[in-house]
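Below you'll find the structure, written out as structure tokens, and then a few comments.
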Amino acid sequence: MYKFYSVPKNSSDTPKILYADVILPLAVPCMTFAVPDNIREQIAVGQRVIVPIGNRKLYTGIIDRLHTEAPSYSRIKAIVRPIGTNPIVTHEQLDLWHWLSSYYMAPLGMVMRTALPAEFKSSGLSEEETSRNDFTPRSEPALKLHPEIDSEDRLHEVLDTLHRAKAQHRTLIEYLHRANIHSYTDPPAIPRRLFDISATALKSLTDKHILLQTEITCPYVEPRRPDIVLPELSPAQLRALNSIRNGFANKNVVLLHGVTGSGKTEIYIHLIAETLDAGHNVLYLLPEIALTDQLVNRMKRYFGETVRVYHSRQTPRQRAEVYDELLHTSGGKLLIGVRSAVLLPPNHLSLIIVDEEHDSSFKQTDSSPKYHGRDTAIYLASLCKAHTLLGSATPCAETYYNAAIGKYGHVVLNERYSGVTLPQVIVSNTLTAAKRGEKFSHFNKILLDRIAETLHRGRQVMLFQNRRGFSPFVTCGTCGWTAMCPDCNVSLTYHKNDSTLRCHYCGFHIPIPEHCPSCSTGSLIPQGFGTEKIEEELHHYFPDARIERLDADSARSTRNYQRIINSFSSGTTDILIGTQIITKGFDFGGVALVGILNADNLLLYPDFRSSERAFQLIVQVGGRAGRRDEQGTVIIQTTQPDHPVIRQAMNGDYEVMIHTLLAERQTFLYPPFCRVISIIFRHRDRTLLQRAADTFAAQARPRFGLMLMGPETPPVDRIRNQFRLQFLLKVDRHQAAVKQELTTLFNELHKHPSFRSIEIIPDVDPQ
């Protein structure tokens, strides 16, 4: 069915066959194919080609390398044909892909699968089917200046001839206004839909060789107007902006460490404007899709249609169009996106902004490659000779350390915008409140009183509870039965809204039983509380208050998410209850009170980063209060009021927290003083899994010694019916060599027939 080439033996007289190493969207390394003579001149590195895999299937791949080095096997399949006439992956992208594959120990094919939009990776059982599924840019009718009008003098002559043809004259003036012509040899094309002109008038303009009808690729981006008014900066912001500029003169990466509400975004806007005016592109990375809408609306007020958005809630078509546009951009674009946006074509890229750089959402955890968006952005900027600005009120330990030792530039902004003071923090002891009879359900009296006071003043309240649903689990009041997920070793969360029990790991859900399935007599009692339960109880205490929830359930629909945000922004909603979504960069002017309902569940997580993450979450969510004209208040409910993290967060003592943390990490050798690689072993058979892990440990321990910890059972030891065992490897030097040794050990283990089905998942720099 497919053409095969016989690989010639080495001979000086034998004509050289051209070979192509092709990256495929599969968990495999590059595969080599022969290049037929009739297409040798049509292909290049970075171009898409259709190649055969197996007996029937065709895949779209990317050419990684062209060469004449014959493979070791005797026969080789040939490329079927190229797709398009130009590469769709730049040399910088290919360099980035190889770095991602090497650093994060992922097959190059998995990097490609992550990096390219789905419509660029067509496949099928025939060439026709593969081509039919491929991306084709949309086009639309457009108007441009006719080539005969090749100077300003000629243009004035034409305008004089149209003084009686008012519709034609108006259309030409509108075209000139929109086009902002810099060169008469290549005037821009403007979409026909933007002009209010009759077909007759348009025909006259084209017949007179004044305008030319053509086609342009969608979407069209109207040039940014030069008369935008940038936000006015305070003296502190202006000093920070100048410090960033000076920092970029000496360092490629600068950390902007600004307290919550200090106006970091205004500084970003000034830097973006400078970069766009220079004709370069800007990449603005956010940790959550939830933040894009609010930020995009804000940026469009300044930069108009130069703003582009990229995230997973877009359709495959929309993502492909953004990719294609950036591939052919001439500069002057602002791209706003989440983690995956760092993998887009970096043409004319001059500045990358990573906002809330500390956020764990920048780390990919679901599939390979398990890359970190912030670290990838820094590496991409180095490839493009661009600058990277990291912004956060609570920088992660690794970033702060790099800034402290002089690897990154460091700019501190410790004043809130307009001189508003940081919020007052009150710690409420839940145990003491219960003893005094001042605890009502899940609220201490002081929090309820402050909510009532805040609502009376016409201000807004945000409440943070780090768990969605109504209750973490249900239990039988008679026999003690607890609903568990059949595929994961976790309890099912009760969602009262739709009367279901749900697993937050695999998505399994069932209707809540009327009676206990075990004893058939007892009633099921909810234990603990989530956002749904908080909402229900608040309606009881404040029946007239307008209350909304913002969590993974309520924000599942883009329309509903926008409705919730718009309602709270406009002041229609009085109280907003949320999970970690509400901690990340939202700017609501009416919030006077923030309540953290259970800080304990932030402190007790079994991870070396738990203290750092708890501090970041508390400070970030607290920073949503009092961002305009008055000091806000934060109330933290906890049973551990004297916990160091609680005290540090209460005082806003980031410096004390980070220096204490770094001292501990240095003592026990944790990042940033080493790198960490997590290794997960997965299999359905627990006994076989344990044997495989023990075998690996026995082989690896002589090489890594005490730097290898495990195998240990993780907190959730079974997900999607697969048992899990975990190793943790500390790497203090020679990372590349260690990763190569690990790969060798994995391959040796898989050579054992019994262990071939064991899935091994390395995770470099786990979060």
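The values are calculated or read from the model by the stated rules, or taken from the named source; none is laboratory data. Given the structure is predicted, the values throughout are model-derived calculations rather than measurements. FYI the Cβ positions are ideal-geometry reconstructions off the backbone, even for glycines, and counts take in every protein chain you see.
Odds and ends about this structure:
- Qualifying positions in segment 402-433 - at pLDDT below 95, over 26 Å from Arg624 (Cβ atoms) and hydroxyl-bearing (Ser, Thr, Tyr): Thr432
- Test for Arg502: is it closer than 26 Å to Asp355 by Cα, touching a residue at least 24 places away in the same chain (Cβ under 8 Å), touching a strand residue (DSSP E or B) at 6+ places or on another chain (Cβ under 7 Å) and among the basic types (Lys, Arg): no
- Selection status of Thr399, of a type outside the set (Lys, Arg), under 30 Å from Gly626 (Cα atoms) and over 20 Å from the mean Cα position of the chain (by Cα): no
- Residue list for segment 652-689, filter: without any contact (Cβ under 8 Å) to a residue 12 or more places away in the chain and of a type in the set (A, V, I, L, M): Val656, Ala663
- Count - residues of segment 704-728 that are out of contact with any Pro (no Cβ under 9 Å at 6 or more places or on another chain) and touching a residue at least 40 places away in the same chain (Cβ under 8 Å): 7
- In segment 581-600, the residues that are of a type in the set (S, T, N, Q) and surrounded by 23 or more Cβ atoms within 10 Å (Cβ to Cβ): Thr583
- Among (1) acidic (Asp, Glu); (2) crowded, with 17+ Cβ neighbours inside 10 Å; (3) without any contact (Cβ under 8 Å) to a residue 60 or more places away in the chain - the single one Asp186 does not satisfy: (2)
- Selected residue (criterion: surrounded by the most Cβ atoms within 10 Å (Cβ to Cβ)) from residues of segment 456-505 that are charged (D, E, K, R) and closer than 30 Å to Gly626 by Cα: Arg468
- Scanning segment 439-453 for residues that are within 35 Å of the chain's Cα centre (by Cα) and surrounded by 21 or more Cβ atoms within 10 Å (Cβ to Cβ) gives Phe443, Leu447, Ile451.
- Scanning segment 188-200 for residues that are touching a helix residue (DSSP H, G or I) at 6+ places or on another chain (Cβ under 9 Å) and part of a helix (DSSP H, G or I), we see that the one that is farthest from Ile216 (Cα to Cα) is Thr200.
- Within segment 413-433, not a single residue is under 25 Å from Arg675 (Cβ atoms) and either more than 19 Å from the chain's Cα centre (by Cα) or part of a strand (DSSP E or B) (or both).
- Residues that are within 20 Å of Gly124 (Cβ to Cβ) and of a type in the set (S, T, N, Q), drawn from segment 25-52: Gln47
- Tally, over segment 708-767, of residues that are surrounded by fewer than 18 Cβ atoms within 10 Å (Cβ to Cβ), closer than 23 Å to Tyr670 by Cβ and small (Gly, Ala, Ser): 2
- Filter pass, Pro235 being surrounded by fewer than 20 Cβ atoms within 10 Å (Cβ to Cβ) and either in contact (Cβ under 8 Å) with a residue 24 or more places away in the chain or out of contact with any helix residue (DSSP H, G or I) (no Cβ under 7 Å at 6 or more places or on another chain) (or both): yes
- Looking only at segment 138-187, and only at residues there that are in a helix (DSSP H, G or I) and among the β-branched types (Val, Ile, Thr), the one that is farthest from Arg317 (Cα to Cα): Thr161
- Residue match in segment 65-86 (condition: more than 25 Å from Thr315 (Cα to Cα) and free of Cβ contacts under 8 Å to residues at least 12 places away in the same chain): yes
- None of Asp366, Asp359 is among the charged types (D, E, K, R), out of contact with any Cys (no Cβ under 8 Å at 6 or more places or on another chain), modelled with pLDDT under 95 and farther than 28 Å from Gly632 by Cα except Asp366.
- When residues in segment 398-427 are screened for being in contact (Cβ under 8 Å) with a residue 12 or more places away in the chain, touching a His at 6+ places or on another chain (Cβ under 9 Å) and small (Gly, Ala, Ser), 1 of them pass.
- Within segment 84-110, the set of residues being over 16 Å from Cys30 (Cα atoms) and touching a Phe, Trp or Tyr at 6+ places or on another chain (Cβ under 9 Å) comprises Ile88, Tyr103, Tyr104.
- Of the residues making up segment 618-651, those that are over 16 Å from Ser262 (Cβ atoms), in contact (Cβ under 8 Å) with a residue 60 or more places away in the chain, part of a loop (DSSP other than H, G, I, E, B) and not polar (S, T, N, Q) are Glu630, Pro641.
- One residue stands out among those in segment 23-47 that are in a strand (DSSP E or B) and out of contact with any helix residue (DSSP H, G or I) (no Cβ under 7 Å at 6 or more places or on another chain): the one that is surrounded by the most Cβ atoms within 10 Å (Cβ to Cβ), which is Phe33.
- If you go through segment 71-93 and keep only what is within 21 Å of the chain's Cα centre (by Cα) and surrounded by 22 or more Cβ atoms within 10 Å (Cβ to Cβ), you end up with Val89, Gln93.
- Close pairs (7 angstrom Cβ cut-off, 6 or more residues apart or separate chains): not assigned by TED's automatic domain parsing to the domain that holds Lys584 in segment 246-265, among the acidic types (Asp, Glu) and at pLDDT below 95 anywhere: Ser262/Glu415
- The condition of being over 29 Å from the mean Cα position of the chain (by Cα), buried (at least 22 other Cβ atoms within 10 Å of the Cβ), farther than 16 Å from Asp359 by Cα and not assigned by TED's automatic domain parsing to the domain that holds Gly391 holds for only one of Gln631, Gln637, that being Gln637.
- Every test in (1) part of a loop (DSSP other than H, G, I, E, B); (2) over 20 Å from Ser610 (Cβ atoms); (3) β-branched (Val, Ile, Thr) is passed by Val716 save one, and that test is (2).
- The one condition in (1) within 11 Å of the chain's Cα centre (by Cα); (2) surrounded by fewer than 22 Cβ atoms within 10 Å (Cβ to Cβ) that Asp359 fails to fulfil: (2)
- Selected residue (criterion: nearest to Leu383 (Cα to Cα)) from residues of segment 48-64 that are touching a residue at least 60 places away in the same chain (Cβ under 8 Å) and surrounded by fewer than 16 Cβ atoms within 10 Å (Cβ to Cβ): Lys57
- On the stretch given as segment 508-537, residues that are within 41 Å of the chain's Cα centre (by Cα), on the phi < 0 side of the Ramachandran plot and touching a residue at least 40 places away in the same chain (Cβ under 8 Å) total 13.
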